[in-house]
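Colleague: Submitted below is the structure of interest, expressed as structure tokens.
The values are calculated or read from the model by the stated rules, or taken from the named source; none is laboratory data. Computed from a predicted model, the values in this text were never measured in an experiment. Note that we place each Cβ from the backbone using ideal geometry, even for glycine, and neighbour counts take in every protein chain shown. When the accessible area is computed, the model is the full protein with side chains, heavy atoms only, and any ligands, DNA or RNA have been set aside. Shrake-Rupley method; radii C 1.70, N 1.55, O 1.52, S 1.80 Å.
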Protein chains: 2
Amino acid sequence: MPPKVKTEHEKQQLKTLIIDAGRELFVTKGVEAVSMREIAKQIGYSATSIYHHFNDKQDLLRSICHTDLAALASTFAAVMQITEPVERMIALGKAYANFALSHPNHYRLMFMTPHPADTAQEIQTKQNYSEQDAYFLLKTAVTAVYEAKRFKPELNDVNLIAQTIWAGMHGVCALHITMAQDASWIEWSDVQQRLQLMHMVLMRGLLRD
Amino acid sequence: MPPKVKTEHEKQQLKTLIIDAGRELFVTKGVEAVSMREIAKQIGYSATSIYHHFNDKQDLLRSICHTDLAALASTFAAVMQITEPVERMIALGKAYANFALSHPNHYRLMFMTPHPADTAQEIQTKQNYSEQDAYFLLKTAVTAVYEAKRFKPELNDVNLIAQTIWAGMHGVCALHITMAQDASWIEWSDVQQRLQLMHMVLMRGLLRD
DNA sequence: AGGATGAGTTAACACCGTTAACTTAACACC
DNA sequence: GGTGTTAAGTTAACGGTGTTAACTCATCCT
């Protein structure tokens with residue numbers, strides 16, 4: 001196909017076309033198993049054309065994750081409508097786990113794969129749009145619970161609390177995702193049961209009696 | 001070097017030579033960044049010779065993990081000497097976290113990378129040597145606490161409890177490992193603090209008051 | 001003595017991410 | 001309206017990857 005000068009809109013459109021095709025392939029076949037050529041073929045372009053829109057494969061991967069993080073944040077935003085602080089915090093945890101288990105490969109890309117350090121510019125961007133950031137919403141919800149004095153009195157670091165809740169949910173989800181097919185020699189209990197117990201443990205461990 | 005018929009012992013020796021070189025490289029540079037040729041060069045053999053001892057790269061990776069799992073199990077075995085059940089269970093958790101944080105790339109290989117389904121034969125082997133298995137030791141420790149009636153009365157599934165403890169520790173460690181360099185936009189609290197709080201939460205959530 | 005085996009070799013294949021060099025359509029400007 | 005510049009595509013190529021095939025030979029078995 002002969003080249004054409006594109007408007008900013010068309011340019012963005014192709015970029016999201018690449019992102020969508022890349023995500024679909026990455027998510028179903030795994031990052032390492034998908035080649036740039038394959039992604040390009042999927043959208044009917046040559047492989048090298050992708051490099052006009054992304055620096056390299058890592059950059060494409062990061063863009064995908066960034067997009068999906070925004071999607072997660074937007075489902076979080078819906079949950080934030082709940083007014084009762086504790087209830088809201090619990091609902092966030094459930095939404096998180098639900099996302100992880102229903103999009104496991106997505107989740108692996110986003111939270112189980114280390115991405116090389118972002119550029120300073122990208123960090124700046126993220127900070128400016130932090131209201132779209134899922135962690136920010138979690139922290140907000142935790143802060144509300146804290147201000148309602150519902151946490152145990154000795155707990156007074158909101159970041160620490162939020163990160164512990166995150167870690168608890170992440171632990172169940174990540175372990176499930178990496179070990180689900182493998183490690184059949186362990187008598188795994190049902191993942192929903194494990195999530196539920198983790199939830200209970202977190203609440204009993206963090207909230208006032 | 002001309003070929004030579006080897007005794008069973010020499011054969012195993014070369015196998016562990018490959019495993020050790022492979023682990024060293026994998027752990028310092030990451031699995032995907034290390035080629036079979038590089039491993040071979042390290043030990044002074046040609047790349048293809050590795051294929052006489054392992055089916056493919058995945059197989060080598062699995063063998064490395066299997067070896068290291070045994071190593072983890074042996075540090076667990078030392079902890080098992082503690083007699084007081086609750087104390088012993090806590091010590092296991094700390095040993096686990098200590099292992100994860102002091103050998104992060106090791107840990108990533110073992111618990112954060114999905115390995116394709118083991119062959120039936122390998123599963124059999126693992127089951128037979130389950131006393132060397134780290135999870136088995138955790139489960140044993142949890143069972144002892146359970147039998148001492150120290151868990152909350154409504155908790156009566158030992159596997160579920162063990163897996164929840166595992167998930168909690170794993171969550172903190174895994175999140176730390178994947179997010180340590182990246183995600184500088186989050187105000188991470190100290191990882192030791194996070195571990196400590198997770199520990200406290202797990203105990204308060206699981207044990208009788 | 002002589003064939004079978006097994007542990008090593010080199011050569012080669014198909015594919016990968018990425019770069020370089022090229023083509024051509026659209027725009028900016030005199 | 002010609003003309004240079006730029007943007008967005010292309011094909012060709014490079015070096016590297018996991019892996020397989022074909023080949024040596026030293027050793028063992030009979």
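Colleague: Residue check, B:I123 against (1) within 30 Å of A:E32 (Cβ to Cβ); (2) open to solvent by 20 Å² or more (accessible area, probe 1.4 Å); (3) facing another protein chain (nearest Cβ under 7 Å); (4) at pLDDT 95 or above, all met but one. Which one?
Modeller: Result: B:I123 fails condition (4) only.
Colleague: A further question follows. Please determine, by comparing only the residues of region B:195-204 that are at the interface with chain A (Cβ under 8 Å from one of its Cβ atoms) and in contact (Cβ under 8 Å) with a residue 60 or more places away in the chain, which one is nearest to the chain's Cα centre (by Cα). Break it down stepwise before answering.
Modeller: From region B:195-204, those at the interface with chain A (Cβ under 8 Å from one of its Cβ atoms) are B:197-198, B:200-204; that's our starting set.
Filter again for in contact (Cβ under 8 Å) with a residue 60 or more places away in the chain, leaving B:202-203.
Details: B:L202: 21, B:M203: 23 Å.
The qualifying residue nearest to the chain's Cα centre (by Cα) is B:L202.
Colleague: In addition: Taking interchain pairs and intrachain pairs at least six residues apart, which have beta carbon atoms under 9 angstrom, with the first residue in region A:27-48 and within 10 Å of DNA strand D (Cβ to nearest atom) and the second at pLDDT below 95 and of a type in the set (A, V, I, L, M, F, W, C)?
Modeller: Hits for this filter: A:I43/A:L14; A:G44/A:M1; A:Y45/A:M1; A:Y45/A:L14.
Colleague: Can you tell me which of (1) closer than 30 Å to A:P116 by Cα; (2) facing chain A (nearest Cβ under 8 Å) is the one B:Q192 doesn't meet?
Modeller: With respect to (1) closer than 30 Å to A:P116 by Cα; (2) facing chain A (nearest Cβ under 8 Å), B:Q192 is out only on (2).
Colleague: What helices (runs of 4 or more DSSP H), lying completely within region A:1-101, carry at least 3 residues that are within 14 Å of chain B (Cβ to nearest Cβ) and more than 9 Å from DNA strand C (Cβ to nearest atom)?
Modeller: On the way: elements: A:8-29, A:36-43, A:57-79.
Helices (runs of 4 or more DSSP H) meeting the threshold: A:57-79.
Colleague: Just to be sure I understand, how many residues within region A:169-189 are closer than 17 Å to B:K139 by Cβ, more than 7 Å from chain B (Cβ to nearest Cβ) and within 20 Å of the chain's Cα centre (by Cα)?
Modeller: The number of residues fulfilling the criteria is 1.
Colleague: Another question, if that's okay. Can you name the condition, by its number, that B:L14 falls short on among (1) hydrophobic (A, V, I, L, M, F, W, C); (2) in the same structural domain as B:A97 (by TED's automatic domain parsing); (3) over 21 Å from the mean Cα position of the chain (by Cα)?
Modeller: Every condition holds for B:L14 apart from (2).
Colleague: What pairs can you find where one residue is in region B:55-74 and among the hydroxyl-bearing types (S, T, Y), the other is not in a helix (DSSP H, G or I), and their Cβ atoms are less than 7 Å apart, with a gap of 6+ or different chains?
Modeller: B:S63/B:F54
Colleague: Further question on the same structure: Let me spell it out: the conditions are (1) in contact (Cβ under 8 Å) with a residue 40 or more places away in the chain; (2) over 23 Å from the mean Cα position of the chain (by Cα); (3) closer than 21 Å to B:R208 by Cα; (4) more than 9 Å from chain B (Cβ to nearest Cβ), and A:E154 meets all of them except one. Which number is the exception?
Modeller: Single failed check for A:E154: (1).
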